[in-house]
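Inspection log for the structure reproduced underneath, given as structure tokens.
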Amino acid sequence: MERGLLWLPLLGVFVWLAWTGWHEYQKLEAYKLWAVAFERAKYDIYAVLGQVGDRLVWGRPTRQGPTQVQEVALPAVNNIRLWQSASKVVPTGLPKGCTVALGLDLGDGDCRWIPFTDEELAIAWQKQLQTLRESLQSTPRP
């Protein structure tokens, strides 16, 4: 009987791990359906991000699809900056534990933050978006 009581917490841990794995799998499947509409997209535990043309759309991943969705057009962005946890000032709106984020400066003190888990991925997105933004600004409009 004592052995059975010793194994009970371990069984609880396995059930919890299975439930969290299924929960993450459902979030990933919802992301895959959402990401079809975009040219480029990324998924991580903090945010989903999609780009189509000069539009950026991001939100928080859930099992039903992204929530708290925000959208911005790249021509409206003045600056794209990278925030890392080494700087002591944490921007408002970032999830707890976030170590890197892209900031889209829209002017008038309005900055939208997109959280990332991987620093290299955030740097790659920053470079790509900066290049696209610069090409959009240099292209003459009819």
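The values are calculated or read from the model by the stated rules, or taken from the named source; none is laboratory data. From a predicted model like this one, the values you see are computed outputs, not experimental measurements. Here the Cβ positions follow ideal geometry from the backbone for every residue, glycine too, while neighbour counts run over all protein chains shown. These area figures cover heavy atoms from the full protein model, side chains too; ligands, DNA and RNA do not enter into them. Shrake-Rupley method; radii C 1.70, N 1.55, O 1.52, S 1.80 Å.
Does segment 72-131 hold any residues that are among the basic types (Lys, Arg) and within 18 Å of Arg60 (Cβ to Cβ), and which are they? Correct list: Lys96, Arg112. Only one of the numbered conditions (1) loosely packed, with under 13 Cβ neighbours inside 10 Å; (2) over 30 Å from Ser138 (Cβ atoms) is violated by Lys27, and that is (1). Scanning segment 80-121 for residues that are open to solvent by 40 Å² or more (accessible area, probe 1.4 Å) and in contact (Cβ under 8 Å) with a residue 60 or more places away in the chain yields a total of 3.
Among the residues making up segment 1-58, those that are closer than 24 Å to Pro95 by Cα and in contact (Cβ under 8 Å) with a residue 60 or more places away in the chain are Arg40, Lys42, Asp44, Ile45, Tyr46, Ala47, Leu49, Gln51, Leu56.
Is it true that Arg63 is in contact (Cβ under 8 Å) with a residue 24 or more places away in the chain, open to solvent by 70 Å² or more (accessible area, probe 1.4 Å) and either touching a Leu at 6+ places or on another chain (Cβ under 6 Å) or farther than 27 Å from Glu134 by Cα (or both)? Here the answer is yes, as Arg63 does meet what is asked. Considered as a group, the residues in segment 83-142 that are of a type in the set (A, V, I, L, M, F, W, C), closer than 17 Å to Gln68 by Cβ and in a loop (DSSP other than H, G, I, E, B) include one that is modelled with the highest pLDDT, and that residue is Cys98. Annotation: Val77 fulfils all but one of (1) modelled with pLDDT under 85; (2) among the β-branched types (Val, Ile, Thr); (3) open to solvent by 60 Å² or more (accessible area, probe 1.4 Å); the unmet one is (3). The residue list Val69, Val48, Val57, Val36 contains one member that is among the β-branched types (Val, Ile, Thr) and surrounded by 19 or more Cβ atoms within 10 Å (Cβ to Cβ), which is Val48.
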